[in-house]
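*Asks:* I'd like to ask some things about the structure below.
The values are calculated or read from the model by the stated rules, or taken from the named source; none is laboratory data. Being a predicted model, the structure only gives us computed values, none of them experimental. Cβ placement follows ideal geometry from the backbone for every residue including glycine, while neighbour counts extend to all protein chains displayed. These area figures cover heavy atoms from the full protein model, side chains too; ligands, DNA and RNA do not enter into them. Shrake-Rupley method; radii C 1.70, N 1.55, O 1.52, S 1.80 Å.
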Amino acid sequence: MTTPSEPGDVGVLVPAAGSGRRMGGRKKAFMELLGRPLLARTLEPFLSHPRVGVVVVALPAAEADAPPEWLTGSGPRLVVVAGGETRTESVYRALNALPDHIGVVAVHDAARPLVTREVIDRCLDGVGEDTGVVAGWPSVDTLKEVDEEGRVVATPPRDRFRRAQTPQVFPRAPLEAAYRASMEAGDPATDDSALFARAGGRVQMVAGDPWNLKVTHPGDLEVAAFLLRRRGEGGAA
């Protein structure tokens, strides 16, 4: 593990140790997106942000032992750690790798390569001593609650619902406390803000971006490529 040399007060955690089950076993972070690894595009807006002092990427153990050159050559702010069996464990390991001067922690999905500086800044601007911030976007679909057999049991009003995105940004000390409690209790969470709120933290949602896509299924790569070209960011480095 390298030691970052930048003075920024924000640490970014990127869990990228998943098995890629919904991608047919292909690791999403290493899949090509318009000539570059998806993870490289995801990291770019954080590595170029003036407030970010360190970016910690949690990779599968084999890749963490021998990271690819395109990742290790990303600059002195990048740190690689071995992830865990679950997303919660991977984030916890990345959190433990942060240097002492980091006071604000952002967690971002490795498979969200379209996040913009504007969304990042809105999240960073809203964080407080006991307040976390989540990027999100209103649901455009009617929501249905169903039972175990698929029968519709309720239609909640969609105007109060948002689709949570990342980054999710938190003050470091209460986030660390929330993760310690989760790990000790063996009670993981798929969403960092849910874990933070479960430990007593307040969570505020700010506007994300409708195109802040999470690449989950094979067809999502084509959508992401289209959106990158539309933004004029389709070229390989």
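*Asks:* Just give me the residues in the range 126-144 being free of Cβ contacts under 8 Å to residues at least 24 places away in the same chain and either under 30 Å from F170 (Cα atoms) or aliphatic (A, V, I, L, M) (or both), in sequence order.
*Replies:* V140, D141, L143
*Asks:* Follow-up question, since we're still on this one. Among the residues of the range 211-233, what is the count of those that are closer than 30 Å to Y179 by Cβ, open to solvent by less than 70 Å² (accessible area, probe 1.4 Å) and assigned to a loop (DSSP other than H, G, I, E, B)?
*Replies:* So the count comes out to 4.
*Asks:* Give me a count of the residues in the range 99-109 that are touching a strand residue (DSSP E or B) at 6+ places or on another chain (Cβ under 8 Å) and open to solvent by 10 Å² or more (accessible area, probe 1.4 Å).
*Replies:* So the answer is 5.
*Asks:* Quick one: is E148 open to solvent by 20 Å² or more (accessible area, probe 1.4 Å), farther than 21 Å from V14 by Cα and not in a loop (DSSP other than H, G, I, E, B)?
*Replies:* Details: open to solvent by 20 Å² or more (accessible area, probe 1.4 Å): yes; farther than 21 Å from V14 by Cα: yes; not in a loop (DSSP other than H, G, I, E, B): no.
Criteria not met by E148.
*Asks:* Being in a strand (DSSP E or B) and open to solvent by 30 Å² or more (accessible area, probe 1.4 Å): is that true of A181 here?
*Replies:* no
*Asks:* So which residues in the range 25-37 are loosely packed, with under 14 Cβ neighbours inside 10 Å and part of a strand (DSSP E or B)?
*Replies:* Residue satisfying the conditions is E32 alone.
*Asks:* So, one more: State which residue pairs qualify: first residue at pLDDT 95 or above and inside the range 88-100, second residue crowded, with 20+ Cβ neighbours inside 10 Å and assigned to a helix (DSSP H, G or I) in any location, beta carbons under 8 Å apart, and separation of 6 or more residues or different chains.
*Replies:* Listed by first residue and then by second, the contacts come to V91/Y179; V91/D192; Y92/Y179; Y92/S182; L95/L175; L95/Y179.
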